[in-house]
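Trainee: The following block contains the structure, expressed as structure tokens.
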Ligand code: DGY
């Protein structure tokens, strides 16, 4: 176990484009938001300056209203669709117009703590600047994506979840037309087997949404009114809560009392709202489709991510853990992102079933937080084993362990470094 550090370092170095890391060459040739947050935590295990840099370069894409976009197009590339010409946003450095899960606050705490421990020069000033960016982004989430103050934040595009083609979106996405103003010229299927990627019909809907929001001039209020896709989502909200707690912790450690209180208020609201999304009959949390008003019951990993930010009572934890064990039963690599053997489950197709190291990372943290160290440890070891057996693939087929999607993947390298740090000390 843990023999592959040099390969992980090599991948991060190979994907470095000058202070930021692309997820993998060609398939994803720009800086992606949540990828970079995980990557920063990977860097924090051996190069604190570079870890800060990753987050700093991401904030170069932050909009005036606080949103940190899901892609920052620092340099041109013709190997990816949709590029800046499709997004039609107006930030100085071209960016996409949507966001991604706010892992940033979690990463900042990890980097800050590593810097404190190492006595890194300028750490406080660098943390402070990034903290301000993170706080601005959390304010944006609550204002733009929860205008009714429910405590749950909504996504206006499946890509914002990071789990692009999850079965969680099947019903909500069916309400989005397949017509587009933009020609859909996919590049991803030139890099990776089409059977591992979203379908063409999904892409037409993804781009329909981009066209709709470009017409709104990317104004969050207009988008909220016009969108045919609006989901109050538990994976993103669970991450927001954990990141909010981490930012609150940083605020306290920097003596920023007012900011700490502001974050505590957000966290308290979200804590209650998330708990209300628990469904005892399903033994997991559910998102809500805000267009139809219905719960989203599709069985996906998102239902367990709230453990990351919540301290559940014993009965709830036991039920969630029993359900997670049921899904993992017989799998070569846990944790499947869709419950195995349901109709929508496709073990090789991107977010419709495969196991992802970064999802396991979030689940491991949630299980540890909720007093489940044995299950957390089993998942940690199995994630490391899968990577050592198959390499730093984008994700893994849970039934065979086969590495799938893009190869030489940055966040898989980061997850490997982070999850195996115990063995290295
Ligand atoms: C893609 O293009 O596949 C990305 O996941 C969108 O962010």
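Trainee: Among 38, 131, 285, 341, rank each residue by its count of other Cβ atoms within 10 Å, from fewest to most, as a rough exposure measure.
Mentor: 341, 131, 285, 38
Trainee: Between residue 265 and residue 124, how high is the FRET efficiency from 1/(1 + (r/R0)^6) when r is the Cβ-Cβ distance and R₀ = 30 Å? Nearest 0.05.
Mentor: The formula returns an efficiency of 0.75 here.
Trainee: Moving to a separate point now. Separation of segment 226-240 and segment 154-172 by C-alpha centroid, Å?
Mentor: Value for the Cα centre distance between the two parts: 8 Å.
Trainee: Let me ask another. Placing one identical point scatterer on every Cα of segment 296-372 and ignoring solvent, what is log10 I(q)/I(0) from the Debye formula at q = 0.13, 0.22, 0.24 Å⁻¹?
Mentor: Computed log10 I(q)/I(0) values: -0.36, -1.01, -1.17.
Trainee: How high is the relative contact order of segment 225-328, given as a whole-number percent (alpha carbon pairs under 8 Å, six or more residues apart)?
Mentor: The value is 35 percent.
Trainee: Find the centroid of the Cα atoms in segment 283-322 and in segment 1-67, then give the distance between the two in whole Å.
Mentor: Rounded to whole Å, the Cα centres lie 30 Å apart.
Trainee: Starting from the Cα of residue 195, step 7 Å along the direction of its Cβ; do the same at residue 143; then give the gap between the two resulting points in nm.
Mentor: Result for the modelled spin labels: 4.9 nm.
Trainee: I would also like to ask the following. Please tell me the relative contact order of segment 312-425 in percent, rounded to the nearest whole number, where contacts are Cα pairs under 8 Å and at least six residues apart.
Mentor: Details: 166 pairs, mean separation 27.8, N = 114.
Computed value for segment 312-425: 24 percent relative contact order.
Trainee: Can you work out the FRET efficiency for the pair residue 258 and residue 291, with r the C-beta to C-beta distance and R0 = 35 Å, to the nearest 0.05?
Mentor: 0.45
Trainee: Here is a further query. Assuming 0.36 nm per residue, please report the length gained on full extension of the stretch residue 344 to residue 77 beyond their Cα-Cα distance.
Mentor: Between residue 344 and residue 77, full extension yields an extra 92.7 nm.
Trainee: With springs only between Cα atoms under 10 Å apart, run a GNM on the chain and tell me which of 24, 236, 120 wobbles the most.
Mentor: Most flexible of the set in this elastic network: 120.
Trainee: Taking Cα atoms of segment 312-425, Rg/Rh with Kirkwood Rh, to two decimals? Don't skip to the answer; put the middle values down first.
Mentor: Values: Rg = 13.7 Å, Rh = 14.2 Å.
Rg divided by Rh gives 0.97.
Trainee: Also: Taking R0 as 25 Å, what's the FRET efficiency between residue 7 and residue 185 from their Cβ-Cβ distance, rounded to 0.05?
Mentor: The formula returns an efficiency of 0.15 here.
Trainee: If you rank 331, 324 by fewest surrounding Cβ atoms within 10 Å, what's the result?
Mentor: Values: 331 20, 324 25.
By the 10 Å Cβ count, ascending: 331, 324.
Trainee: A further question follows. Explain nothing, just the number: relative contact order of segment 13-163, from Cα pairs under 8 Å at least 6 residues apart, as a whole percent.
Mentor: Computed over segment 13-163, the figure is 23 percent.
Trainee: Still on this structure, I have one more. What whole number of Å gives the distance from the Cα centroid of segment 339-387 to the Cα centroid of segment 256-273?
Mentor: A separation of 29 Å, based on Cα centres.
Trainee: Per-residue ellipticity at 222 nm for the chain, helices alone: DSSP H runs ≥ 4 residues times -39500 (n - 2.57), over residue total, nearest 500 deg cm²/dmol?
Mentor: Taken over the chain, the calculation gives -15000 deg cm²/dmol.
Trainee: Which of 376, 389, 125 ends up with the largest GNM mean-square fluctuation for the chain, with Cα atoms connected below 10 Å?
Mentor: Comparing 376, 389, 125 in a Gaussian network model of the chain, the most mobile one is 125.
Trainee: Sticking with this one: Would you look at the GNM of the chain, springs on alpha carbons closer than 10 Å, and say which of 368, 33, 267 moves the most?
Mentor: Between 368, 33, 267, it is 368 that shows the largest mean-square fluctuation.
Trainee: Can you give the Rg to Rh ratio for the chain, taking only C-alpha atoms and Rh from Kirkwood? Numbers along the way, then the final one.
Mentor: Working: Rg = 19.8 Å, Rh = 21.3 Å.
Reported Rg/Rh (Cα atoms, Kirkwood Rh): 0.93.
Trainee: Points 7 angstrom from Cα along the Cβ direction at residue 215 and residue 281: gap in nanometres?
Mentor: Calculated label separation equals 3.8 nm.
Trainee: Related question: Label 7 Å along Cα→Cβ of residue 272; segment 141-173 residues with amide nitrogen under 14 Å?
Mentor: Output list for this probe position: 149-152.
Trainee: Same structure again: Taking the highest mean first, how do the peptides 278-284, 343-349 order by number of other beta carbon atoms within 10 angstrom per residue? It would help to have the intermediate numbers written out before the result.
Mentor: Values: 278-284: 15.4, 343-349: 17.7.
For the peptides 278-284, 343-349, the packing ranking is 343-349, 278-284.
Trainee: While we're here: Please arrange 21, 59 by counting, for each residue, the other beta carbons lying within 10 Å of its beta carbon, fewest first.
Mentor: 59, 21
Bear in mind these aren't lab numbers, they're just calculated from the coordinates by the rules spelled out. All figures in this text were calculated on a predicted structure; none of them were measured in a lab. Backbone-built Cβ (ideal geometry, glycine too); neighbour counts: all protein chains shown.
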